[in-house]
1. Could you grab me the full set of residues in segment 586-599 that are in a helix (DSSP H, G or I) and at pLDDT 90 or above?
2. So in segment 285-316, with the set limited to residues that are small (Gly, Ala, Ser) and not in a helix (DSSP H, G or I), which one is modelled with the lowest pLDDT?
3. Select, from 117, 88, the only residue that is in the same structural domain as residue 30 (by TED's automatic domain parsing) and at pLDDT 90 or above.
4. Answer with yes or no whether residue 365 is over 26 Å from the mean Cα position of the chain (by Cα), within 27 Å of residue 477 (Cα to Cα) and in a helix (DSSP H, G or I).
5. Any idea which residue in segment 171-219 is surrounded by the fewest Cβ atoms within 10 Å (Cβ to Cβ), counting only those that are among the hydroxyl-bearing types (Ser, Thr, Tyr) and under 30 Å from the mean Cα position of the chain (by Cα)?
6. Go through 455, 406 for me and flag whichever is assigned to a helix (DSSP H, G or I), touching a residue at least 60 places away in the same chain (Cβ under 8 Å) and among the small types (Gly, Ala, Ser).
7. What number of residues in segment 213-241 are of a type in the set (Ser, Thr, Tyr) and not in a helix (DSSP H, G or I)?
8. Tell me, yes or no, whether segment 487-495 has at least one residue that is buried (at least 16 other Cβ atoms within 10 Å of the Cβ), outside the structural domain of residue 439 (by TED's automatic domain parsing) and at pLDDT 90 or above.
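The values are calculated or read from the model by the stated rules, or taken from the named source; none is laboratory data. Computed from a prediction, not measured in an experiment: that's the story for all the values here. We place every Cβ from the backbone using ideal geometry, glycine too, and count neighbours over all the protein chains shown.
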Amino acid sequence: MVEQLEFLKKVAPFNLLPPETLASTAAQLQKVTYSKETVIYQQEISKMKGVDIIVSGEYESFIYDNLHNMRLVESHREGFTFGGQSILLNRNRSLRTVIAKEGTVVYFLPRKTFKALCQTFENFFQFFTIDFGRRMMNEEFANFFKNPASFAESHGASDQLYSKKITDIEQRDIVSCSYDTPIYLAATQMAQAKVSCLFIRDGNEKIVGYVTDITIRDNVVAKQIDAAMPISSVMDNPIISISVQAYVYEAILMMFRTKTRYLLTEDNGKYVGFLSRNKLLSEQAQSPLVFIQSVKSASSVTELKEKWQRVPMFVIQLLDRGVNAEIVNQVITTIADTIALKVIESVIAELGKPPAKFVFMALGSEGRKEQTLKTDQDNAIVYEDKANEHRELVREYFLTFADIVSERLNTIGFIFCTGGFMAKNPKWTHSLSHWKRNYTEWMEESVPETIINFSTFFDCRFIYGEVSIMNDLKSFLDEALKKPMEKVFFHMANNALQYEPPLTFFRNIRTITRDKQEVFDIKKAMTPIVDLVRIYALKNRIFEVNTGERLKALQQKGVFTETELQELTQSYYFLMSMRLKNQANQIIHDKSSPDNYIHIDKLTSIEEATLIEIFKIIKNFQLGIKVRFTNRLLN
């Protein structure tokens with residue numbers, strides 16, 4: 001066992017494990033010797049019973065194509081661990097065929113132990129998922145992984161990610177202790193229950209925090225805290241929860257957005273269990289959500305740019321499988337948010353701690369979580385009010401901060417906003433009181449120009465910083481919207497009527513000529529839906545930012561019927577799907593910059609007929625806006 005332990009201490013990622021865990025792992029290793037040219041695993045056939053850690057000799061691995069040609073040949077030597085990705089990401093089936101090229105000795109670690117390590121130690125788990133994300137950057141590998149000879153079962157499993165609800169999957173029981181429990185007893189309870197997350201309850205039995213193995217390491221051991229102190233003194237929060245009726249993909253996206261590794265699940269307001277990010281991700285083969293994990297590991301602007309350039313591939317992959325465009329938007333938005341967070345954190349690390357609390361918020365389509373592949377920067381900064389003597393210092397910091405963040409995002413691929421709606425513009429980096437004055441002036445002045453500002457900044461969403469500042473701003477808006485605002489709604493309605501669906505008098509699609517091609521602008525065709533839904537959301541003081549979420553909230557309030565909800569939702573996401581697929585194809589196949597123009601001659605007869613019906617629906621809803629908010633029926 002001493003020999004195995006000393007070996008593991010030098011092998012990644014086992015060298016990341018605590019000494020006690022490393023020793024117990026070493027005790028479970030089995031030494032296996034293979035003769036030359038032994039076929040050890042067969043692609044998509046062999047079921048992995050564990051992982052192999054090469055001690056000496058060599059593994060040659062490759063993938064067979066449909067003609068049985070060896071592709072993507074790799075050589076693996078001492079210290080390489082084979083099988084981890086197959087277990088975590090491919091239903092325990094070997095991703096590759098493996099042959100021992102010479103007398104090879106390996107240490108075999110059982111699958112059950114390996115999975116337990118992944119579930120307990122996030123950095124150990126990420127070693128394999130991050131490497132897999134890098135491999136998916138290789139287009140040939142990604143193609144094999146998406147379309148292998150016998151992957152029908154795997155495709156079904158992957159697609160369940162977007163149709164399966166949390167209530168349909170296994171949830172872990174909540175293990176908890178009282179907030180005044182000593183740290184050492186809490187750690188003992190975690191060990192006995194074999195959990196890596198322990199929830200903390202207050203005197204009223206309400207869950208108020210949690211601790212993990214990482215919490216104990218960082219907040220207790222590293223700081224040499226007295227283990228007799230109450231666990232509440234080192235616990236983490238806030239508590240993040242999700243309904244059991246939500247979808248699995250929504251849970252994973254929420255985990256990425258909130259940076260939490262554990263989600264409490266609730267049913268009718270009561271916590272019933274919890275989910276681990278490691279477990280959810282390890283069960284998702286072929287998922288772009290695994291790719292998000294690799295984005296989080298990127299360490300430079302260049303790496304982040306490369307990640308963003310890979311997004312069109314995932315968009316095509318999802319749309320081709322019939323995944324709803326609303327979900328695709330959320331995936332794009334989560335990747336974009338992850339990139340923005342990486343940039344923001346890197347700039348703060350360079351400039352030093354901000355001199356005031358602040359919020360970096362997304363606006364426009366980014367704020368609505370409706371980003372496409374042709375995207376520019378729409379963002380702003382709100383910082384807390386400071387005493388007069390500190391105002392200039394605070395403002396100078398945030399203007400510098402905003403300038404660097406915007407420049408880096410531009411380099412990555414989120415180009416500067418031509419309208420200047422970004423934090424880089426000094427007009428959109430200000431104190432909370434200044435922002436409140438902005439909103440008040442836009443509402444009181446109520447001319448077309450200020451209404452554009454108001455509409456853009458109503459579609460605002462928290463990205464980074466102090467969420468209480470965002471809540472304060474929204475509470476201020478909520479109060480303001482209780483007052484009569486007919487003039488505001490009048491101008492917003494007129495804006496919503498500016499873009500008419502491209503229908504001719506004879507109910508055909510109206511086109512324009514661009515580069516000698518007949519096209520129509522699909523973004524302008526979609527804009528009336530976004531605008532009219534925003535008006536109704538404002539009128540009813542609904543603060544959901546996404547168009548689809550606003551529609552559902554409006555239907556629940558009785559503003560729209562179930563039929564109207566379905567008509568608008570299906571119309572909007574049909575157009576969004578067409579827009580995303582067009583942009584992805586322009587990038588991947590045409591090697592050109594994406595735009596919003598759809599070539600009429602590339603439409604199928606079914607697509608053309610569907611578009612005509614959608615444009616009729618939009619015209620009818622525009623008529624309702626005209627009557628309701630402008631008091632006119634004609635002209």
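1. Matches in segment 586-599: 586, 587.
2. The first filter runs over segment 285-316 and keeps only residues small (Gly, Ala, Ser), leaving 285, 287, 294, 297-300.
Now drop any that are not not in a helix (DSSP H, G or I), which leaves 285, 287, 297-300.
Values: 285: 46, 287: 62, 297: 76, 298: 81, 299: 78, 300: 89.
For segment 285-316, the residue satisfying everything is 285.
3. Values: 88 fails: at pLDDT 90 or above.
Of the residues listed, the single one that is in the same structural domain as residue 30 (by TED's automatic domain parsing) and at pLDDT 90 or above is 117.
4. Details: over 26 Å from the mean Cα position of the chain (by Cα): no; within 27 Å of residue 477 (Cα to Cα): yes; in a helix (DSSP H, G or I): yes.
No.
5. Kept after step one, since they are among the hydroxyl-bearing types (Ser, Thr, Tyr), are these residues of segment 171-219: 176, 178-179, 181, 184, 188, 196, 210, 212, 215.
Then drop every residue that is not under 30 Å from the mean Cα position of the chain (by Cα), which leaves 176, 196, 210, 212, 215.
Values: 176: 18, 196: 21, 210: 24, 212: 20, 215: 21.
So, considering only residues that are among the hydroxyl-bearing types (Ser, Thr, Tyr) and under 30 Å from the mean Cα position of the chain (by Cα), the one surrounded by the fewest Cβ atoms within 10 Å (Cβ to Cβ) is 176.
6. Numbers: 406 fails: touching a residue at least 60 places away in the same chain (Cβ under 8 Å).
On inspection, the qualifying residue turns out to be 455.
7. If we filter segment 213-241 for residues that are of a type in the set (Ser, Thr, Tyr), which is where we start, we get 215, 232-233, 241.
If we keep only those that are not in a helix (DSSP H, G or I) as well, we get 241.
Residues meeting the conditions: 1.
8. no
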